[in-house]
Ligand code: AMP
C-alpha cells in the first residue's frame, strides 16, 4: 500500500493556492500500480451482490468502469449538467464558493438494485454525499462508496452513510 501511496504525486497550490492536489495520473499510467489498485479494490466486493457501479464524472469513470468489468456489472454515469441525453434527475450541492450540480438518467436503475458508488478521491465528501442523495431518491440500496484515495483530515466520510465508505489509500 505504501508503494501505491508513494506513486501518487503531490502538486502544491493546484488548482488554487493552499490546496495540495493529489495527482493520481502517475498511478494510473503505471501498469503494475494501476492493476494492483483495481485488483485490491475489486477483491473486496467479490462474492457480494452488486448490480451496478455508479461512476462520478470524470475520474470516477476510470475506477468505476474497471470495477464494473472486474465484477461483471454495468456502470451508470453521474455527469455534469447537460451531458446526459435522456430524462435526468439533478442534485445541487454547496462548494466552498457557490454551488455545483450533477445529473443521472431517471431510468438508470430498477427499484431495489444494489449499487457501488466509485470516485477517485474522497476529500470533503460534498460531491459523493450529493450522489448518495441522488441515487437514494431513485430507490436503490447503496452497498458502499469506494475510492482510490481519501484525505482523512478533511473528515469527508462523516457526510456519507455510516460504515459504507471504503478507501484504498489513506492520506
Ligand atoms: P469533495 O467533494 O471535496 O470530496 O471532492 C470532490 C472531488 O474533487 C474529488 O473526487 C476529487 O476528484 C477532487 N479533489 C478534491 N480535493 C482534491 C485534492 N486535494 N487532490 C485531488 N483531487 C481532489
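Some points to look at:
- Among the residues of the range 119-131, those identified as in contact with a strand residue (DSSP E or B) (Cβ under 6 Å, 6 or more places away or on another chain), under 27 Å from residue 26 (Cα atoms) and surrounded by 18 or more Cβ atoms within 10 Å (Cβ to Cβ) are 119, 120, 121, 122, 128, 131.
- Scanning the range 97-118 for residues that are modelled with pLDDT of 95 or more, within 14 Å of the ligand (Cβ to nearest atom) and assigned to a helix (DSSP H, G or I) turns up nothing.
- Selection count where residues are within 30 Å of residue 141 (Cα to Cα) and either under 16 Å from the mean Cα position of the chain (by Cα) or surrounded by 13 or more Cβ atoms within 10 Å (Cβ to Cβ) (or both), scope the range 23-38: 6
- Residues in the range 119-131 that are without any contact (Cβ under 8 Å) to a residue 60 or more places away in the chain and part of a helix (DSSP H, G or I) were compared, and the one that is nearest to the ligand (Cβ to nearest atom) is 126.
- Look at (1) touching a residue at least 12 places away in the same chain (Cβ under 8 Å); (2) within 25 Å of residue 39 (Cα to Cα); (3) in contact with a strand residue (DSSP E or B) (Cβ under 9 Å, 6 or more places away or on another chain) and you find that residue 103 fails only one, number (2).
- Among (1) within 16 Å of the ligand (Cβ to nearest atom); (2) in a strand (DSSP E or B) - the single one residue 75 does not satisfy: (1)
- Screening 80, 16 for residues that are surrounded by fewer than 18 Cβ atoms within 10 Å (Cβ to Cβ) and more than 20 Å from residue 105 (Cβ to Cβ) leaves exactly one candidate, 16.
- Total residues in the range 18-38 satisfying the condition of being at pLDDT 95 or above and more than 19 Å from residue 150 (Cβ to Cβ): the figure is 5.
- Test: residue in the range 98-105 that is surrounded by 12 or more Cβ atoms within 10 Å (Cβ to Cβ) and over 15 Å from residue 57 (Cα atoms): no
Quick grid of which residues meet (1) within 12 Å of the ligand (Cβ to nearest atom); (2) in a strand (DSSP E or B); (3) crowded, with 20+ Cβ neighbours inside 10 Å:
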| site | (1), (2), (3) |
| --- | --- |
| 89 | no, yes, no |
| 93 | yes, yes, no |
| 133 | no, no, no |
| 136 | no, no, no |
| 147 | yes, yes, yes |
| 157 | yes, no, yes |
| 162 | no, no, no |
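- Members of the range 56-72 found to be part of a helix (DSSP H, G or I) and either closer than 17 Å to residue 40 by Cβ or within 10 Å of the ligand (Cβ to nearest atom) (or both), listed by number: 60, 62, 63, 64, 65, 66, 67, 68, 69, 70, 71
- Inspection of the range 22-43 finds a residue satisfying the criterion of being assigned to a strand (DSSP E or B) and within 13 Å of the ligand (Cβ to nearest atom).
The values are calculated or read from the model by the stated rules, or taken from the named source; none is laboratory data. Computed from a prediction, not measured in an experiment: that's the story for all the values here. Glycine also receives a Cβ, built like all others from the backbone with ideal geometry; neighbour counts cover every protein chain displayed.
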